[in-house]
Amino acid sequence: MTNIKVIAFDADDTLWVNEPYFREAEDKFCALLEDYLPLHSVAAALFKIEIRNLPLYGYGIKGFMLSMIETILEVTEGTASLEMISKAIEFGKEQLNKPIELLNGVETVLDALKGEYRLVVATKGDLLDQERKLQKSGLEKYFHHIEIMSDKQEKDYLKLLKHLDCKPEDFLMIGNSLKSDVLPVLQIGGNAVHVPYHTTWAHEVVENNVAHDNFSAIASIDEILAILKK
């Protein structure tokens, strides 16, 4: 990876904690509807509606909130009380107000890489929420560019590279999702490093192993420093 000029980092569950907060909200939500369906059935209904709504709402907490409300209406066949709807909104707002918990090694890595590479945030999600989290994190000072993407497909990365005036072979993406942070980048000729997180949303799970010359997997983000020196 001696030719790398731009290093992009995913944000949620790569720089800071995110998915456990969704799981916490989902558990509360499923308990809210346990008089109607078993917990696992509520979770399945919510997931199905979330996926159905992705083209409309995109990724993020606001879309999750709307999907919770729609799930309530569907599961209760329109008989839900306003209090139940209010609870779902409350769960979402609690998420939006969560503190930012940086993952171990993140600031050490960014401090070591700043000045040697152009550092970028490339993350999916709601624009306002991701901007808020970045500001709360105190990490803005490390980054040359912030890209909050509606999705992370090949075309989205090509658009980012064009904006950065960067060739794919000079680009490295670091993230916790094989589906979003690794596979599309490899497909366009870029480099990718997977840093797995202990909790992953089902929609982002990839079962197949990745074998590619431009791919590496590490156990923690600070291992990237050794890889870049090879």
Quiz item: Label points 7 Å out from Cα along the Cβ direction at Asn208 and Gln187: separation in nm?
Solution: 1.1 nm
Exercise. Pick out which of Glu83, Glu131, Glu74 has the largest mean-square fluctuation in a Gaussian network model of the chain, springs linking Cα atoms closer than 10 Å.
Key: Glu83
Practice problem: Quick one: order Lys229, Lys124, Lys114, Lys155 by neighbouring beta-carbon count within 10 Å, fewest to most. | Solution: Lys229, Lys155, Lys114, Lys124
Self-check item: 5 angstrom amide H check on Phe9, placed H, neighbours 5+ away
Solution: Val120, Val121, Ala122, Ile174
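By its C-alpha gyration tensor, with a ≥ b ≥ c as the square roots of the eigenvalues, how is the stretch 19-96 shaped: rounded for a/c under 1.5, else prolate for a/b larger than b/c, else oblate?
Note, shape of the stretch 19-96 comes out rounded.
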Quiz item: Taking N as the number of residues in the chain, what is its alpha-carbon radius of gyration divided by 2.2 N^0.38 Å?
Solution: 1.08
Practice problem: Step through the residues of the stretch 69-83 one at a time and calculate ³J(HN,Hα) from phi using the Karplus curve (6.51 cos²θ - 1.76 cosθ + 1.60, θ = phi - 60°), rounding each to whole Hz and writing x for Gly and Pro. | Solution: 4, 5, 5, 4, 5, 6, 5, 8, 6, x, 9, 5, 7, 5, 4
Self-check item: Long pairs among Lys98/Lys159; Lys5/Lys62; Lys28/Lys159; Lys5/Lys155, criterion Cα-Cα beyond 27 Å
Solution: Lys98/Lys159; Lys5/Lys62; Lys28/Lys159
Self-check item: Distance (nanometres) between label positions extended 7 Å along Cα→Cβ at Thr2 and Ser220
Solution: 2.9 nm
Practice problem: For the stretch 1-136, give the magnitude of the charge dipole about the Cα centre (Cβ charges: +1 Lys/Arg, -1 Asp/Glu; no others), in debye to the nearest 20. | Solution: 560 debye
Quiz item: So in the chain, what percent of DSSP beta bridges are antiparallel if you round to the nearest 5?
Solution: 5 percent
Self-check item: Within the chain: Cβ-based charge dipole about Cα centre, in debye rounded to nearest 20 (Lys, Arg +1; Asp, Glu -1)
Solution: 700 debye
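Return the equivalent ellipsoid semi-axes of the stretch 102-230 as a descending list in whole Å, where each equals the square root of 5 times an eigenvalue of the C-alpha gyration tensor.
The three semi-axes for the stretch 102-230 are 20, 18, 17 Å.
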Quiz item: Which listed residue (Ser41, Tyr57, Met68) has the Cα farthest towards the positive end of the charge dipole for the stretch 19-96, taking +1 on Lys and Arg C-beta and -1 on Asp and Glu C-beta about the Cα centre?
Solution: Tyr57
Quiz prompt | J(HN,Hα) series, the stretch 33-46, from Karplus relation 6.51 cos²θ - 1.76 cosθ + 1.60, nearest Hz, glycine and proline x | solution = 10, 5, 6, 9, 8, x, 3, 5, 6, 5, 4, 5, 5, 5
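None of the figures in this text is laboratory data; all of them are computed from the coordinates on show. What you see is a predicted model; the values in this text were computed from it and never measured. Please note: Cβ atoms are built from the backbone with ideal geometry, for glycine as well, and neighbour counts cover all protein chains shown.
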